[in-house]
Structures are given as structure tokens and as C-alpha cells.
Amino acid sequence: MLKDIIDNNENYQPGLSIDCVIFGFHDNQLKVLLIKVERVNKWALPGGFIPVDQDIDTAAITVLNNRTGVDGVFLRQFATFGKVDRNKQHFDKKTLKYLKIEEAKGKWLMRRFVTIGYYALVDFSKILPNPANRHEIVEWIDHKEVPELILDHREILDKALNTLRIELNLMPIGYNLLPEKFTIPELQKLYETILDKKLDRRNFLRKITNIGILTKLDEKKSNVAHKAPNLYSFDKEKYDEVLKNGLNQGW
């Protein structure tokens, strides 16, 4: 795929790229979707180049789908990364030779690229990575166990996570990350995992209740060792209203 892009680089915006940070919540872990080329040690965020005939937001969806097979995800642009040396020596002559790219054509790839970061929170159970390239591996990895990444992708990931934490104060989360029916402790664990800090149980219950997006169900969680907690669901209409109008509280 990369060789095809180089051979037809006139179809892509020079000096500009896109990188996507995709978060999912599973087994009380905040996971991030990473990609790796076979026989290459470092992992990477799913990223790519921008077709000249596509808007940037559309190109982000195209890039994510081409690299991972993931589709139907709402991506939010969160930052631009443009250090002068951000891709210095990443695509050197040795790499071009391995990729079977002629050095003359590879100069397009070795120039300075500014990258636009996008992120998304997705339903882990509904995202089935399926890389288009058989030489690439796509996996969900716990954000606390992310290995060494290429380029400045660690910086991009950290910035996305920090943006997510800030936006927790501005909008609710959980609708696409938890089962249809859930407990307050499960919802609190989601917030604690993203924020990477413990939250007071009573304060969390008061704040999340005051937002008005929860419906208390007339049933309790089954198969638990201790007293069965109540089950809740999201009121989708009120949830969407709060998303539109925003929050003004902190965690």
C-alpha cells in the first residue's frame, strides 16, 4: 500500500498526514488501537496520507479504514503536530530498500510531514480490526502497557488522552462504552480508568445523578458475591441533550 502511494504521490497532499488515536474500554481497561508492520519492532498509531480530492475530516475516516478496516467511527480532531524533526531518519535509505521503494521516489516520503491528530471513543465489542495489508498487525493494547512507538506517536497518544480527560468535564461518556445495563460502580470505574485516579463514591453518585442522564431500572445485577447493586441505563434523549449543551462540572 505504501509503495502504491509513493508511485502515485501526486494524488496526495504533500507534507501533510493524519494519525488516529482510537480508544476502547474493555475488562476495566482503557485500550488503544495500534498497528505494526511485520518484522518491525515498533508499533504505531493508524495513520496515513491525505488524498488531494478529500476534505481532511473525510480523509481521516479513509485513513483509519484503509489501515485497520474500522469504519463508522466518529473522529474528533484534537491537535496538530509539526516539529521540524518529527520524522527525521524514520524513512532512511535502508527502510526504502526494505520496502522496495526507489530512492528518487522515496524523497517524497522523507520530507517533513505535519500530522493532524484525530481521536475517538468506541464500543470495543463492535470494533473488529481487519488490516487491508497482510503484512500488518492491528491489536488493542492497554494504554498503560503501550510499547515503544514510532516517530512522535507517544506524544500524540498522550495528548489525545489528556484531551479526553479534559473533555470529561464538558460532556458525558459511557453510552458506547458500557453494556446497555450497568451499575454505578461500573460507570465510576470507567471514569476512574480514563482519569487515572480514584473518585469518591458518594460524590460520584451525586454528580452523575445530578446530570440527569441515568434511568434506574427495577432490577439488580445478578451473579455477584455481595449485595446485588441496582442496574441503570442511559436515557438517550437526555444524554444527547447534555452532549449538545455541555457540562460545567469537574471530576
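Distances between placed amide hydrogens fall under 5 Å for L30 paired with H143, all partners being 5 or more residues away or on another chain. Rolling a 1.4 Å probe across the protein heavy atoms gives the chain an accessible surface of 57 Å² per residue.
On the beta carbon distance between K227 and L168, with R0 = 30 Å, the FRET formula returns roughly 0.55. If a paramagnetic tag sat 7 Å from the Cα of I137 along the Cα-Cβ line, which residues of the stretch 5-33 would have the backbone N under 18 Å from that point? Once the point is set 7 Å along Cα→Cβ of I137, 32-33 turn out to lie under 18 Å by backbone N, inside the stretch 5-33. Shown in residue order for the stretch 234-240 are the 3J(HN,Hα) couplings computed by the Karplus curve 6.51 cos²θ - 1.76 cosθ + 1.60 at θ = phi - 60°: 7, 7, 4, 5, 6, 4, 5 Hz (x for Gly and Pro). The candidate values are (i) 37; (ii) 28; (iii) 24; the one derived from this structure for percent of Cα pairs over 29 Å apart carries the label (i).
What pairs in K126/K189; K83/K197; K42/K197; K198/K238 have C-alpha atoms more than 24 Å from each other? Long pairs (Cα-Cα over 24 Å): K83/K197; K42/K197; K198/K238. With both labels modelled 7 Å from their Cα along Cα-to-Cβ, the Q54 to W251 distance reads 3.1 nm. When peptides 21-33, 173-185 are ranked by their average number of other Cβ atoms within 10 Å per residue, the highest-first order is 21-33, 173-185.
Residues of the stretch 174-194 with amide nitrogen under 15 Å from the 7 Å Cα-to-Cβ point of K220? The answer is 183-185, whose backbone nitrogens lie closer than 15 Å to the label point. Each of R76 and A104 was given a label point 7 Å from its Cα along the Cα-to-Cβ line. The distance between the two points is 4.7 nm.
Can you compute the helix-only [θ] at 222 nm over the chain? Use -39500 (n - 2.57) per DSSP H run of at least 4 residues, normalise by all residues, nearest 500 deg cm²/dmol. Numbers along the way, then the final one.
Working: 8 runs with 81 residues, N = 251.
Calculated at 222 nm, the ellipticity per residue is -9500 deg cm²/dmol.
Solvent-accessible area assigned to carbon and sulfur over the stretch 127-251 amounts to 47 percent, based on a 1.4 Å probe.
The values are calculated or read from the model by the stated rules, or taken from the named source; none is laboratory data. Computed from a prediction, not measured in an experiment: that's the story for all the values here. Heads up, the Cβs are rebuilt from the backbone with ideal geometry, glycines too, and the neighbour counts pull from every protein chain shown. These accessible areas exclude ligands, DNA and RNA; they are computed on the full protein's heavy atoms, side chains included. Shrake-Rupley method; radii C 1.70, N 1.55, O 1.52, S 1.80 Å.
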